[in-house]
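Structure first, then comments.
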Amino acid sequence: MILTDCTPYLLALGLTKSKTSLVWIAGPLSGIIVAPVVGVLADRSQSKYGRRRPFMVVGSVIVAAALIVLGWAKDIVGLLLLEDVQFERTCAVVLAVLAIYVVDFAINAGKCSVRIRGTARMM
């Protein structure tokens, strides 16, 4: 969903095509950073809900919140800034890009916890 709908959305907010490509590096970047961190934290977890489940639940909640912010970025910024139209547009783009990064990192946190679980069972 993010790959198909967000590029036109970001372009409509005012992000240039060349800078849009920098947004999509979030996926690989989050995979490189999040997978080892979640793996170590999950292995050390002693939660009563299990080692992996908290990462899946918290990741899902963060994804839902970030998607809401992403979809309403222009309106959220509009509520806070009333003066300068260009500054408002820039802030909306920054908020949307940050929301995309948060979504990618949170998705990878939930996804990596599931993968780690599946890999551990295979060994």
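What to note about this one:
- Annotation for the range 25-120: chymotrypsin sites (Phe, Trp or Tyr not before Pro) lying in DSSP loop with at most 14 further Cβ atoms inside 10 Å of their Cβ are Tyr49.
- Ranked from largest to smallest solvent-accessible area, with a 1.4 Å probe on the protein heavy atoms, Thr7, Thr20 come out as Thr7, Thr20.
- Using θ = phi - 60° and Karplus 6.51 cos²θ - 1.76 cosθ + 1.60, couplings along the range 60-66 (whole Hz; Gly, Pro as x): 5, 5, 5, 4, 4, 5, 5
- Fraction of accessible area attributable to carbon and sulfur, the chain (%, probe 1.4 Å): 69 percent
- Comparing Gly39, Gly50, Gly59 in a Gaussian network model of the chain where C-alpha atoms under 10 Å apart are linked, the largest mean-square fluctuation is found at Gly50.
- Computed over the chain with a Gaussian network model linking Cα atoms closer than 10 Å, the most mobile of Ser18, Ser30, Ser45 is Ser18.
- Inter-label distance, Ser47 to Asp75: 3.1 nm, where each label sits 7 Å from its Cα along the C-beta direction.
- Value of relative contact order over the chain, rounded to a whole percent, pairs C-alpha under 8 Å and six or more apart: 38 percent
- Cα pair distances in the chain, grouped into 5 Å bins until the bin that holds the longest one, percent each: 2, 11, 18, 19, 15, 12, 9, 7, 4, 2, 0, 0
The values are calculated or read from the model by the stated rules, or taken from the named source; none is laboratory data. Quick caveat: nothing in here was measured; it's all calculated off a predicted structure. Please note: Cβ atoms are built from the backbone with ideal geometry, for glycine as well, and neighbour counts cover all protein chains shown. Accessible surface areas use protein heavy atoms only, side chains included; no ligands, DNA or RNA. Shrake-Rupley method; radii C 1.70, N 1.55, O 1.52, S 1.80 Å.
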